[in-house]
Amino acid sequence: MGNNDVVIIGAGHNSLVAAGYLAKAGRRVVVLEKSSVVGGTATTDETFPGFKISPVADTAGYLSDEVKTDLKLDSQVEIIPLDPIASSPEPDGTHLAIWRDTARTVKEIERFSPADAAKYPLFVERMTKIAGVIEGLLKLTPMDLPSVGLADIRAALGLAGPVLKLGRKNINELLRLLPTPVEDLLNEWFESDVLKGALAASAVKDVTWGPQETGTTFTFIYNWALSDTGLFRSASLVKGGIGELTKAMAETARGFGAQIRTDVEVKSIDVERGKVTGVTLANGESIQAGTVVSGASPRTTFLELLDARYLDTSFVRHVHNIKYRGSASRMHFALSGLPEFPSLAGAETDGYLRGPIQIAPSINYLQRAFDHTKYGRVASAPYLDIVIPTVADPSLAPSGKHIMSVTVKYTPYALRDGDWAAKGPEIAKLVVDTIAEYAPNFPGLIIDQMLLTPVDLETVYDLPEGNVNHGEMTLDQFFHMRPIPGYARYRTPVEGMYLCGPGCHPGGGVTGLPGQNAAREILKDAK
Amino acid sequence: MPRQTPFHSRTNALCESQNWVEWSGYFSAQTYEMDHIHEYNAIRLGAGLFDVSPLFKYFIRGRDAVALMNRVITRDASKCGVGQIFYTAWCDDEGKIIDDGTVARLGEDSFRMTAATPTLCWLEDNAFGMDVEIEEVTDAYGALALQGPTSRDILQQLTDTDLSSLKYFRMLETKLAGAPVNISRTGYTGDLGYEIFAEPDQCEGIWDALIETGAAYKLLPAGMTALDMVRIEAGMLLLDADFHSASTAMFEVEKTSPYELGLGWMVNLKKDHFVGQEALRRENARGPATCTVGLEIDVLALEKVFVQNSMPLQLPYQSWVDELPVYSDSDQRDHIGRATSGTWSPVMKKYPVIGRVKPQYAKIGTRVYVEQTVEARRYAVPATVVKMPFFDPPRKRE
Ligand SMILES: Cc1cc2nc3c(=O)[nH]c(=O)nc-3n(C[C@H](O)[C@H](O)[C@H](O)COP(=O)(O)OP(=O)(O)OC[C@H]3O[C@@H](n4cnc5c(N)ncnc54)[C@H](O)[C@@H]3O)c2cc1C
């Protein structure tokens, strides 16, 4: 195996994107994945025979258009846009749906607050502008503050457009808003609890924070910047499951000449005199390479695969201090039929169930669900994000049958009492009971079910503390501070060694951006 | 209020001056008598007994103990034999010195480390992923330094172990006046001397035995004033005097490297890896920005300055710690460094000073000028770069 010059650790989607770009540029690339399939957290399998489940990530709306085009993914996979992008059944039997079409959403909001309905279009316009600036940041390699180079300034010029469009008043507004709680933002605009709950939910879906915590406006706007809906959350499926997307990425990379090996676990990254020399596999095999790129989390990469004793003390301390603290569980159901939500009765039920369903009736509900986390307890009334992918893509299940996939918040990784091994059945019951409150026929439809706790996410998918994004996506771990200050440019203290996963800028989600940005920097260094 | 060391009942009874200072949170005698000079004389002519219990002490044990020590210190810990002690520095990632102290190898996989500043957190930060146990034992042991030409004779009265075979920078476990102790031939005086570690409940008995036996050997309990004079004679650096710790320095310019402190001999660039090694490798290649030197002030020239002011010569009666400018010329135009501590040396009848100058002025015999203030006026008094230690009696190692 002497003829590789790049080894990529892991075959998660970012690794595959990096492999695609590097192989396209003529580098000899080998990708090493410990699991038996490619895709990492973006896979699809038949855990329940006959049902195609995407166990971890399922919605694909954050994928960068440029990556899609560059890696010829458009022709290989079919993206199914979902609409509504969120619908909220309410405990009192009412419901609110947010559609891609603003006018249609305005009509929905009118049922709750005419005043809010009137403001909604302006809110969308303002947030879109602000998110445009953040979007510009996502494709940039973070600068090394405070020593910003000329090349950084040139690269950042692309930001000038969105910033100018924003106008001075709105720039101040952006800086004022980012660190605030999303509740404050929404209170400045709206009065309806239902609307505010529906909007706030997306801001806290991927972080262990409640909507009353500082910085959740940042996560709200970050999602907005990435999403394919032009709104606050993404809502798209890949036909056949998200695993089809990563399979296509692997195909593209192979087409460019990359070699992809599964069932090979990297045991260590080998370093000599501060320079990377290759990797050693769990089976004892050594693979030499002048460039090693890790798609594993910073914790795994620096504290497990690299020998920490060769790294600077302050660096190790920083890596050690990265916040992970996951709090999401995933639960999947095979169903014999479509659940009925009485709150949607009269509405075109099927249409409403096509998009993600949020059990998030108000900001207070979300915040209370989070509050338990602070004391190491599972939420007693959880916030659920539900997708029934079979409504839009019936091919995933036997005819007439359905799949339901649920993200469950908050179920903190660090429990104060008891351990996760015993907690599973309790959470499963909580999820079923909670859904049954809104869809009473649901329990009777369950054919099979499966729960992934934060500890499962850690052990099966190598996500430290079950964090969904290889590190919390918070303002203090964003841009030049991701994964840690001083090392946000995909490079590491070890020469020839790079990171390409969501532990680096711009972070999590199936975006392809960390992989694309990393590949760009690696190619730059080779010049 | 400062805490009391395990010797406090004894040191307090002897401390006529009640001149206490705080040392790392403990009471420490500045002088025992009202004046320090008898204590100074005892160290050089008989023996001085210091309570050095406030030193920070750590045990490092486990399979990776050598690996941890080697990651932290600049010397090669694997070369430290069991029963041997290393004086060593440790640095931050940028190769700037954090502290210096001793590392004693107690066994294949265990070390005792002493430090002037709290070091537990630094050790733990560096032990990431290692199979090692780090225990702070600052309070678990009292420590004494018995220093001076008669120190061996005193100790020998109290133990069956033949101390003549205990070499410089070696240690052994034995009994002293019946109490289990660890004795090392180390110290901060540049003289023949020992350091004794014992568990707190043994401390008073050991102290009493040493004072009683020492009476016939010109032994006196000695305080920090006398200690600072002899450490300067011995050319030993003091933290927060001759250098600052990189971990507490507020500004980059306050940090120094082992090379700048004349401790380059303890930087092992060949060993596998240690914190700061890369930075030190680069510094070694380009040469340090400043060099620590011994300076000897020309006392006759200094006298002339006093005479000019119609005064008799006045020499410092005890040591000073300061930052005095050093010039290459008597006109005080070309500033080349600083003097950081100095003392009149009664045994040498000389005025040694420790300082840091630009490398081109570090050669032995170079004439430089140290600022001295006489009658509120600043003069540049000639001084010569001399070898350190200033005072280096053969008995230290013999
Ligand atoms: C519960 C959950 C739900 C999510 N939902 C969505 C969603 O709906 N939409 C969305 O856009 N994002 C979602 N995300 C986030 C998204 O999945 C991730 O941010 C993103 O997919 C990370 O991709 P990646 O390829 O960089 O890393 P990963 O997918 O984590 O891949 C890393 C790969 O490295 C491998 N690896 C690790 N160590 C080694 C080793 N030593 N040797 C060999 N291989 C190794 C792992 O096996 C894994 O395959 C979700 C995440 C979670 C946890």
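Each value in this text was obtained by applying a stated rule to the coordinates, not by laboratory testing. This one's a predicted model, so the numbers in the text were calculated from it and none came from an experiment. Because the Cβ atoms are built from the backbone with ideal geometry, glycine has one as well, and the counts that use them run over all protein chains shown.
See the values below:
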| quantity | calculated |
| --- | --- |
| Dipole moment magnitude, nearest 20 debye, the protein assembly as shown about Cα centre, only Lys, Arg, Asp, Glu C-beta charged | 2420 debye |
| Cα long-axis angle, helix A:363-374 against chain A (0 to 90 degrees, to the nearest 10) | 50 degrees |
| Ordering of A:397-403, B:228-234 by packing [mean C-beta count within 10 Å, highest first] | B:228-234, A:397-403 |
| Of A:LYS107/A:LYS429; A:LYS139/B:LYS255; A:LYS275/B:LYS271; A:LYS275/B:LYS57; A:LYS52/A:LYS196; A:LYS169/A:LYS524, those spanning more than 28 Å from alpha-carbon to alpha-carbon | A:LYS107/A:LYS429; A:LYS139/B:LYS255; A:LYS275/B:LYS57; A:LYS52/A:LYS196; A:LYS169/A:LYS524 |
| 3J(HN,Hα) from dihedral phi, the range B:314-331, Karplus parametrisation 6.51/-1.76/1.60, rounded to Hz, x for glycine, proline | 10, 10, x, 7, 9, 6, 10, 10, 7, 10, 9, x, 10, 10, 8, 9, 6, 7 |
| For B:120-128, mean number of other protein chain Cβ atoms within 10 Å | 3 |
| Net charge of Cβ neighbours under 12 Å - reference B:ALA115; Lys, Arg +1; Asp, Glu -1 | -1 |
| Karplus (6.51, -1.76, 1.60) ³J(HN,Hα), θ = phi - 60°, over the range B:48-60, in Hz, Gly and Pro reported as x | x, 10, 10, 8, 10, 4, x, 3, 6, 10, 9, 9, 10 |
| Percent RCO, i.e. relative contact order, over the range B:316-390, from Cα pairs under 8 Å lying at least 6 residues apart | 28 percent |
| Residue of B:LEU45, B:LEU210, B:LEU237 that the Gaussian network model of chain B assigns the largest fluctuation, springs spanning Cα pairs under 10 Å | B:LEU45 |
| Net +/- balance of residues flanking A:THR280 in space, Cβ distance below 15 Å, scoring K and R +1, D and E -1 | -3 |
| Relative contact order (%) - chain A, alpha-carbon pairs under 8 angstrom, separation at least six | 24 percent |
| Ranking of A:PHE442, B:PHE56 by count of other Cβ atoms within 10 Å, fewest first | B:PHE56, A:PHE442 |
| Chain A: projected area of the alpha-carbon convex hull, averaged over directions, in nm² | 23.4 nm² |
| Placed amide H near A:SER88: partners under 5 Å, 5+ positions off or other chain | A:LEU96, A:ALA97, A:ILE98, A:GLN358 |
| Label-point separation, A:ASN364 to B:MET250 (7 Å along Cα→Cβ), nm | 5.0 nm |
| 3J(HN,Hα) from dihedral phi, the range B:237-243, Karplus parametrisation 6.51/-1.76/1.60, rounded to Hz, x for glycine, proline | 7, 10, 5, 6, 10, 7, 7 |
| Neighbour-count ranking [beta-carbon atoms within 10 angstrom, fewest first] of B:CYS91, B:CYS291, A:CYS504 | B:CYS291, B:CYS91, A:CYS504 |
| Length released on extending from A:LEU150 to A:THR47, taking residue separation times 0.36 nm less the Cα-Cα span | 31.9 nm |
| 10 Å Cβ neighbours from other chains, averaged over peptide A:271-281 | 1 |
| Reach of B:LYS270 by Cα under 16 Å, taken over lysines that are not fewer than 8 positions away in the same chain | B:LYS79 |
| Rounded tilt (10° steps) of A:243-255 against the dominant C-alpha axis of chain A | 30 degrees |
| Extension gain, A:ASP417 back to A:ARG261 (0.36 nm per residue minus Cα-Cα distance, nm) | 52.1 nm |
| Efficiency of FRET from Cβ geometry, A:LEU157 and B:LEU172, R₀ 45 Å, rounded to 0.05 | 0.05 |
| Nearest-0.05 FRET efficiency for B:ARG281 and A:THR459, computed from C-beta distance (R0 60 Å) | 0.90 |
| Proxy reagent accessibility, fewest Cβ within 10 Å first, across B:MET250, B:MET236 | B:MET250, B:MET236 |
| On Cα atoms only, tilt of A:420-438 relative to the major axis of chain A in degrees | 40 degrees |
| Estimated translational D of the range B:291-394 in µm²/s (Stokes, Kirkwood radius over Cα pairs; 20 °C; 1.002 mPa s) | 156 µm²/s |
| Cα-centre dipole for the range B:291-394 with unit charges at Cβ (Lys and Arg positive, Asp and Glu negative), debye to 20 | 200 debye |
| Theoretical FRET efficiency, 1/(1+(r/R0)^6), r = Cβ-Cβ of A:LYS275 and B:ARG378, R0 45 Å, to 0.05 | 0.30 |
| Per-residue mean of C-beta atoms belonging to partner chains within 10 Å, peptide A:303-314 | 5 |
| Loop GluC sites (Glu not before Pro), the range A:274-359 (other Cβ atoms within 10 Å of the site Cβ: 14 or fewer; DSSP) | A:GLU285, A:GLU348 |
| Sum of side-chain charges, A:THR94 neighbourhood, beta-carbon under 11 Å (Lys, Arg +1; Asp, Glu -1) | -2 |
| Lysine pair number, Cα distance threshold 25 Å (strictly under), the range B:291-394, separation 8 or more or different chains | 9 |
| Amide hydrogen neighbours beyond the local backbone of B:VAL381, cut-off 5 Å, H modeled | B:VAL370, B:GLU371, B:GLN372 |
| Sparse-neighbourhood loop sites, trypsin sites (Lys or Arg not before Pro) in the range A:250-284 - DSSP loop, at most 14 other Cβ within 10 angstrom | A:ARG273 |
